[in-house]
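Read-outs throughout are calculated quantities, based only on the coordinates presented, and are distinct from any laboratory measurement. Not measured: the values here are computed from a predicted model. Note that each Cβ is placed from the backbone with ideal geometry, even for glycine, and that neighbours are counted across all protein chains shown.
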Amino acid sequence: MVRHPAPHAGAPPGAQAPKNRRILVVEPSQSLPLALRNLSGAMVTIVKFPTIDRALLDRVQPDMVISALISGQFDILDLAAHLLGLGYRGALRAITPPVPNARLIRAEVAAIWPDLDFALIELPLAE
């Protein structure tokens, strides 16, 4: 587990995160830290999926979890089911390259977990 005082996802460069924001990042790709590097004001904890348990959530107390939409070991549906099964009730954000139909992905998640605060963060492909 790695902890960094860091950014608030989605804010403009140099913006301050809401005070005491805690973000749990699950197995980030190389593009995620670049997307977050210009922001400040939050505590970011980086973990691997298998380490997420109730004790970790109690210790970190994240109000947002960020992960890839799809990885080699799990996808956002696996992560959402695991987090919700552990009692997590905060926001979940999925990082992805641009997708043809983001609305379809959001609808699939909402159909399973209508009360989950879920959104996609589409990042441009590296050139």
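List pairs: first residue in region 65-91 and under 18 Å from THR45 (Cα atoms), second residue of a type in the set (Lys, Arg) and buried (at least 16 other Cβ atoms within 10 Å of the Cβ) anywhere in the structure, Cβ distance under 7 angstrom, at least six positions apart or on different chains.
ILE66/ARG93
Within region 74-84, can one find any residue that is at negative phi, loosely packed, with under 13 Cβ neighbours inside 10 Å and not hydroxyl-bearing (Ser, Thr, Tyr)? Working first, answer last.
Start the filter on region 74-84 by keeping residues that are at negative phi, which leaves 74-84.
Going one step further and asking which of them are loosely packed, with under 13 Cβ neighbours inside 10 Å, we end up with none.
Within region 74-84, not a single residue is at negative phi, loosely packed, with under 13 Cβ neighbours inside 10 Å and not hydroxyl-bearing (Ser, Thr, Tyr).
Find the residue count for region 105-127, including only residues that are exposed (fewer than 10 other Cβ atoms within 10 Å of the Cβ) and over 24 Å from ARG22 (Cβ atoms). Lay out the reasoning, then the answer.
Keep residues of region 105-127 that are exposed (fewer than 10 other Cβ atoms within 10 Å of the Cβ), which gives 111, 114-115, 124-127.
Applying the additional criterion that residues be over 24 Å from ARG22 (Cβ atoms) yields 111, 114, 124-127.
Total meeting the criteria: 6.
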